[in-house]
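Sharing a structure, written as structure tokens. Questions coming.
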Ligand SMILES: [Zn+2]
């Protein structure tokens, strides 16, 4: 899988964790305080984001504001953000996950599972 796609998936995971950690109900596991957890996650996020091309991060952030996430998996040839079905000739390509791609319907960054 393309390096940038892997990093975008990690970024998406961290954003989900941050959202959790910042929620009212969140209880920190182990000995760390909620603030320490958030601090660590933000630092990780910064490190990953800085290693992704800027225009890709920009697009990711724009999508995140619009949909609540910037990247979505394609499962069984269906975009899990907008539920558009990809044509068989696209879904059966052998060069999937080799570069950053976007859903032609909703514009979200996609990766193939
Ligand atoms: Zn879509």
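Looking only at 59, 93, 69, which one moves most when the chain is put into a Gaussian network model with springs between Cα atoms under 10 Å?
Looking only at 59, 93, 69, the largest GNM fluctuation is found for 93.
Okay, moving on. For the stretch 52-113, what log10 I(q)/I(0) values come out of the Debye formula at q = 0.12, 0.17, 0.24, 0.28 1/Å, with one point per alpha carbon and no solvent?
-0.27, -0.54, -1.00, -1.24
Here is a further query. If I model a spin label as a point 7 Å beyond the Cα along the Cα-Cβ vector, how far apart are those points for residue 4 and residue 113 in nm?
Reported label-point gap for residue 4 and residue 113 is 2.3 nm.
In degrees, nearest 10, range 0 to 90: what is the angle between the Cα axis of helix 54-67 and the longest Cα principal axis of the chain?
80 degrees
Using a Gaussian network model on the chain with a 10 Å cutoff between Cα atoms, which of 77, 51, 92 fluctuates the most?
Largest GNM mean-square fluctuation: 92.
In addition: Any idea what angle helix 3-22 forms with the longest principal axis of the chain, computed on alpha-carbon atoms, 0 to 90 degrees, nearest 10?
Rounded to the nearest ten degrees, it is 40.
Taking Cα centroids, how far is the stretch 1-35 from the stretch 38-113 in Å?
What the calculation gives is 17 Å, centre to centre.
Dividing the convex hull volume of the Cα atoms of the chain by its residue count, what figure in Å³ per residue is obtained? Walk me through the numbers before you get to the answer.
Values: hull volume 13.4 nm³, N = 113.
Value for the chain: 119 Å³ per residue.
Right, here's the next one. With both partners inside the stretch 3-112, how many of the DSSP beta bridges are antiparallel, as a percent to the nearest 5?
Expressed as a percentage, antiparallel bridges in the stretch 3-112 total about 55.
Every read-out reported here was derived from the displayed coordinates using simple, explicitly stated rules and does not represent laboratory data. Just so it is clear, the structure is predicted and the values come from calculations on it, not from any experiment. For neighbour counting, all protein chains shown are included, and Cβ atoms are generated from backbone atoms with ideal geometry for every residue, glycine included.
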